[in-house]
Structure formats: structure tokens, C-alpha cells
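The values are calculated or read from the model by the stated rules, or taken from the named source; none is laboratory data. Given the structure is predicted, the values throughout are model-derived calculations rather than measurements. Positions of Cβ are generated from backbone atoms using ideal geometry, with glycine treated the same way; all protein chains shown enter the neighbour counts. Quick note on the areas: whole protein, heavy atoms, side chains included, nothing else; ligands and nucleic acids left out. Shrake-Rupley method; radii C 1.70, N 1.55, O 1.52, S 1.80 Å.
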Amino acid sequence: MTKPSTPNPPLSSSPVGVFDSGYGGFSVLRELRRVLPQLDCIYLGDSARAPYGGRDLGTVLDFAEQCVELLFAEGCRVVVVACHTVSSVALRHLQKKYADANRRVLGVTIPAAENAVAVTRGHIGFIGTTRTVASHTFRTEVRKLDPSVRVSEVAAPLLAPLVEEGWEQGEIARLAVEKYLAQFGDIDTLVLGCTHYPLLREMFVRCASSPLTVLDPAPFVAARFAAWLEKHREFRSAGSGKLRVLCSGDTARFSKNVPRFLGSEPPEIEHVAEHHGRLAFTPDGSEPSGQFVR
Ligand code: DGL
């Protein structure tokens with residue numbers, strides 16, 4: 001006699017890990033928590049080493065491994081790579097290295113491609129960091145879904161620092177956005193392929209010379225994640241919407257910037273720093289400052 005399958009296996013309680021090079025990934029976390037409010041999450045922002053987008057491949061892989069290892073060590077079983085740069089160049093590597101029956105690593109590039117293919121009339125523009133665009137991963141994923149769709153990619157290294165600085169609404173942002181938009185041809189859909197760009201969405205809409213669908217992939221990423229959890233019920237968790245936030249770098253600056261991306265105040269930030277090639281918690285929970293001598 002075959003054993004009857006359990007329709008609703010007992011839920012474990014493990015948080016979902018989400019990481020980014022800095023605070024931009026909160027734009028993805030915000031959507032995840034909107035769709036799945038019971039989800040317990042640990043967010044890691046590697047702000048001490050941001051931006052990742054202009055770094056060499058080996059460094060991005062190394063930093064990404066450190067982030068994933070810390071989140072698994074903190075009890076996560078699923079890690080969502082919110083950072084488009086990491087997702088574009090390192091997702092396969094991270095999945096090969098860490099994913100097994102109990103642990104998964106998911107990215108944002110495939111959902112972004114699915115979202116764009118679903119709405120485009122034939123020509124998608126993709127804007128992201130230098131490393132993301134150089135990988136052509138987004139274009140590759142679009143071609144797998146629909147080879148007839150054209151993709152034009154533009155690297156915009158100035159935009160993430162501009163948003164970090166809180167300048168997403170002024171004249172400087174307008175000029176930068178106009179200059180980058182001018183590099184695209186007759187696109188009908190523009191994908192914001194960097195976690196910082198949702199804060200520039202209105203600026204892109206305003207600066208577009210012809211009707212343009214400007215897509216922040218985060219809501220679609222969250223919807224795909226919810227569908228994935230439905231299918232992989234062994235990874236569902238009995239949470240209560242708890243959030244822990246870890247960052248390398250300046251915790252006070254980080255804390256001040258979080259609401260711009262998350263839409264709410266963060267809990268107290270826990271500080272981590274690289275120590276012998278691994279991210280580890282700092283003993284007093286904050287970054288040392290001032291002059292010191294070893
Ligand atoms: N978080 C990065 C991304 O989504 C942008 C900032 C960076 O360069 O680190 O690609």
C-alpha cells in the first residue's frame with residue numbers, strides 16, 4: 001500500500017534571507033513582505049563594500065558567497081539574491097555551490113525577464129550596472145522565453161550612487177536619466193535592472209520622449225516567489241512577519257536610508273564586517289570610528 005502524501009506538511013520556522021550590496025534590495029523585500037506578510041526575513045546589506053556594479057567578477061563572487069554563507073548560518077533555508085548584479089553574474093555559481101534539498105538560492109533576473117516579455121510589444125530596454133549589462137544575462141533569459149523579442153541594454157554607473165546620495169528628484173538626476181534614455185532606440189518597455197532604480201521610476205517616466213512602460217521587477221519577483229513557495233511547500237515557514245536587518249558599513253547611515261526603500265522604519269541594525277574572508281558579527285554591534293592604532 002502506498003503511503004498517503006501529507007497535503008500540508010508541518011511548517012518549520014526559518015527566516016528567508018534577502019541580500020543586496022546596500023539598501024536597494026529593500027525595494028524587493030518590501031514587495032516580498034507585502035505579498036507574504038507572515039514571512040520572517042533577515043535582510044543583509046553589504047553597504048561597506050557597495051557598489052558591486054563596477055567590480056571585477058571574482059570580487060562579486062567572493063562577496064556574494066560571504067553574504068549567502070552568513071544568511072544560511074543565521075538559519076535561513078532560502079536566500080533571495082535581490083541584487084541584480086549578483087543575480088546576473090553569480091546566481092548559477094551560488095546555486096551550484098550551496099543549493100541542496102534543504103537550501104535554495106533564488107534570483108531576480110529570470111522574473112525580470114518574464115515580466116518584461118509578458119508586457120512588451122517587441123523591443124525591451126534594460127538598464128543596470130556595468131557588470132550586470134556586461135553579463136548579458138537578462139538578454140539571454142529573454143531569448144529563452146521569446147527569441148523574437150529585441151533587447152537593448154545600457155549600463156548606467158552614475159545612477160546607483162546618485163540614489164544613494166538621495167538626489168533622485170533633482171536636476172542632476174533628470175540630466176543623467178535623459179542621457180541614458182537617449183542611448184536606447186525605439187523601445188516600448190524599460191526594465192529597471194538595479195535595486196536602486198525604482199526610486200528613479202517617476203523620473204524615467206517623465207523623461208521618456210514616447211510612451212514607455214517602465215518596469216520595476218520587484219512586484220513580479222515577489223509574486224514569483226510566492227508561487228515558488230506554493231510549489232515547494234517544504235520551504236514554507238511558520239513566520240510572524242519578523243524582520244532582522246544586518247549591514248556592513250555605517251549602521252546609522254544605513255538606518256537613515258532604509259525607509260526610502262522599505263517604506264517603514266527598520267528594526268535596530270546589527271553590524272557585520274569581513275573578518276578573514278567571512279562576514280561576522282562585530283562584538284559591540286556597530287562599526288568602530290575615529291583613529292585607532294594596532
Ligand atoms: N544593488 C546593485 C544592483 O541591483 C546596485 C548597486 C551596486 O552597484 O552595488 O545591481
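Here is how the numbers come out for the structure above:
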item: Gly277 being farther than 13 Å from Gly22 by Cα, out of contact with any strand residue (DSSP E or B) (no Cβ under 7 Å at 6 or more places or on another chain) and open to solvent by less than 50 Å² (accessible area, probe 1.4 Å); result: yes
item: Residue within the stretch 92-101 that is among the aromatic types (Phe, Trp, Tyr), part of a helix (DSSP H, G or I) and closer than 30 Å to Arg244 by Cα present; result: yes
item: Within the stretch 97-148, tally of residues that are within 16 Å of the ligand (Cβ to nearest atom), in contact with a strand residue (DSSP E or B) (Cβ under 9 Å, 6 or more places away or on another chain), hydrophobic (A, V, I, L, M, F, W, C) and open to solvent by 40 Å² or more (accessible area, probe 1.4 Å); result: 1
item: Among residues of the stretch 43-96, those that are within 15 Å of the ligand (Cβ to nearest atom) and of a type in the set (D, E, K, R), counted; result: 5
item: Single unsatisfied condition, Trp167 versus (1) part of a helix (DSSP H, G or I); (2) open to solvent by 60 Å² or more (accessible area, probe 1.4 Å); result: (1)
item: Which listed residue is at positive phi and at pLDDT below 95, from Gly166, Gly185; result: Gly166
item: Where Arg174 falls short, out of the listed (1) open to solvent by less than 40 Å² (accessible area, probe 1.4 Å); (2) in contact with a Lys or Arg (Cβ under 9 Å, 6 or more places away or on another chain); (3) away from the ligand (no atom under 15 Å from the Cβ); result: (1)
item: Complete set of residues in the stretch 190-204 that are of a type in the set (A, V, I, L, M, F, W, C) and either free of Cβ contacts under 8 Å to residues at least 12 places away in the same chain or in a helix (DSSP H, G or I) (or both); result: Leu199, Leu200, Met203, Phe204
